[in-house]
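Remarks on the structure that follows.
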Amino acid sequence: MPDQIPSAPGPSTPLTESYTYHSKLPTAAGPYILGVDEAGRGPVLGPLVYGVAYCPVAYKEQLEELGFADSKTLTPEIRSTLLTTLDSDPDNLAWSVQVISPQAISSGMLRRPPINLNVQSQDATILLIREVYVDALGSTTTYQAYLSGLFPGIEFTVTNQADSKFKVVGAASVAAKVTRDACLESWVFEESIAEDGTPVSGLPEAAVSSGYPSDPKTQAWLKNSIEPTFGYPKLVRFSWTTVKLLLEKNAHAVKWTDEGQASLVKAFESGKGREKDRCAVAKDLKIVSVGML
């Protein structure tokens, strides 16, 4: 992998918030095709990255010969070379990534009501797409109808394993995977830098692993890196069940001031049926979400 991937944070730069990276815009005449894919949906460590790659329809035959495929089937060296290939013909080829930080994933999924990973993924996709093939994990028919409703007049193909069926999606897969790997391999802990810029000692080493809960290296890192009072650094997705169980078992218990006040807790629980996502307090005070107006 090159010393610096253009879509990853710079050297010694912590990933503190989500961001978008765009390569140079192509100048060739359209219409264009565009593929979308992600890397890092399942891991407990690091960011989730959505990538897009696009080129003119007239360039499709040339794209077929460049070697793009599902990034999971390629070696790190080949993926790195293919990312360079994406920058080799700026008149015709272009790519972008949306990097969703683990902090954003955690805060979204732990808020009330939660913003689950599907919604966060849809938001990232919508941010990146124009004319698109989408590699989907869930209900492809529903998602295709949803995107077509947002972008009328654009033809969508939403299908499983699109990264192996369409080269333009394979290119997007490479952009996402190489970016995520670079973020994880060169991770700089935000907690390692004090407010005055001086380094802070005592933090665990960066996790050199896939970040998946089933990965033995990830499991060892999670076991050895837990701090009983403060838990984990922000590299970790705190909303993952794996992390919740480890914290319950190995971290100090916390007693909240409202613990035991069942009526108070119930007042802020989400309602059911027509009142879903609206608690009793909001109903009594006639507070309506802006999203419901």
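The values are calculated or read from the model by the stated rules, or taken from the named source; none is laboratory data. The structure displayed is predicted, hence computed values, not measured ones. So basically every Cβ, Gly included, is an ideal-geometry build from the backbone, and we count neighbours across all protein chains shown. The area values use the complete protein model at the heavy-atom level, side chains included, leaving out ligands, DNA and RNA. Shrake-Rupley method; radii C 1.70, N 1.55, O 1.52, S 1.80 Å.
Consider only pairs whose beta carbons are under 6 Å apart and that are at least six residues apart or on different chains; among these, list those whose first residue lies in the range 235-252 and is among the aromatic types (F, W, Y) and whose second residue is crowded, with 20+ Cβ neighbours inside 10 Å and not in a strand (DSSP E or B).
Taking only residues 6 or more apart or on different chains, the pairs are W240/V44.
What is the residue count in the range 218-237 for residues that are β-branched (V, I, T) and farther than 12 Å from N250 by Cβ?
2
Looking only at residues that are open to solvent by 10 Å² or more (accessible area, probe 1.4 Å) and touching a Phe, Trp or Tyr at 6+ places or on another chain (Cβ under 8 Å) in the range 40-56, which one is farthest from S214 (Cα to Cα)?
Filtering first and then ranking leaves Y54.
Where the second residue is open to solvent by 30 Å² or more (accessible area, probe 1.4 Å) and the first is part of a loop (DSSP other than H, G, I, E, B) and lies in the range 96-109, which pairs have Cβ atoms under 6 Å and are six or more apart or on separate chains?
S101/E17; S101/S18
Could you tell me which numbered condition N92 fails, if it satisfies all but one of (1) part of a loop (DSSP other than H, G, I, E, B); (2) out of contact with any strand residue (DSSP E or B) (no Cβ under 6 Å at 6 or more places or on another chain)?
Among (1) part of a loop (DSSP other than H, G, I, E, B); (2) out of contact with any strand residue (DSSP E or B) (no Cβ under 6 Å at 6 or more places or on another chain), the lone unmet condition for N92 is (2).
What pairs come up if the first residue lies in the range 32-60 and is farther than 14 Å from A172 by Cβ, the second is basic (K, R) and surrounded by 24 or more Cβ atoms within 10 Å (Cβ to Cβ), and their beta carbons are under 6 Å apart, counting only those six or more places apart or on different chains?
Between residues of the range 32-60 that are farther than 14 Å from A172 by Cβ and residues that are basic (K, R) and surrounded by 24 or more Cβ atoms within 10 Å (Cβ to Cβ), the close pairs are V44/R237.
Would you please list the contacts, defined by Cβ atoms under 8 Å and residues six or more apart or on different chains, that run from a residue in the range 180-201 that is modelled with pLDDT under 85 and open to solvent by 20 Å² or more (accessible area, probe 1.4 Å) to a residue that is hydroxyl-bearing (S, T, Y) and in a helix (DSSP H, G or I)?
P199/S192; V200/S192
With the checklist (1) open to solvent by less than 10 Å² (accessible area, probe 1.4 Å); (2) touching a Lys or Arg at 6+ places or on another chain (Cβ under 9 Å); (3) modelled with pLDDT under 90; (4) of a type outside the set (K, R) in hand, flag the one item S101 doesn't pass.
(3)
So if I check each of G231, G271, which one is surrounded by 10 or more Cβ atoms within 10 Å (Cβ to Cβ) and over 23 Å from the mean Cα position of the chain (by Cα)?
G271
Farther than 24 Å from W240 by Cα, under 20 Å from the mean Cα position of the chain (by Cα) and part of a strand (DSSP E or B): does that describe V36?
yes
Would you pick out the residues in the range 202-219 that are over 23 Å from the mean Cα position of the chain (by Cα) and at pLDDT 80 or above?
Scanning the range 202-219 gives no hits.
I'd like to verify a number: residues in the range 1-33 that are open to solvent by less than 20 Å² (accessible area, probe 1.4 Å) and either assigned to a strand (DSSP E or B) or hydrophobic (A, V, I, L, M, F, W, C) (or both), how many?
So the answer is 4.
Which of the residues spanning the range 62-88 are more than 14 Å from K177 (Cα to Cα) and either hydrophobic (A, V, I, L, M, F, W, C) or touching a Gly at 6+ places or on another chain (Cβ under 6 Å) (or both)?
Passing the criteria: L63, L66.
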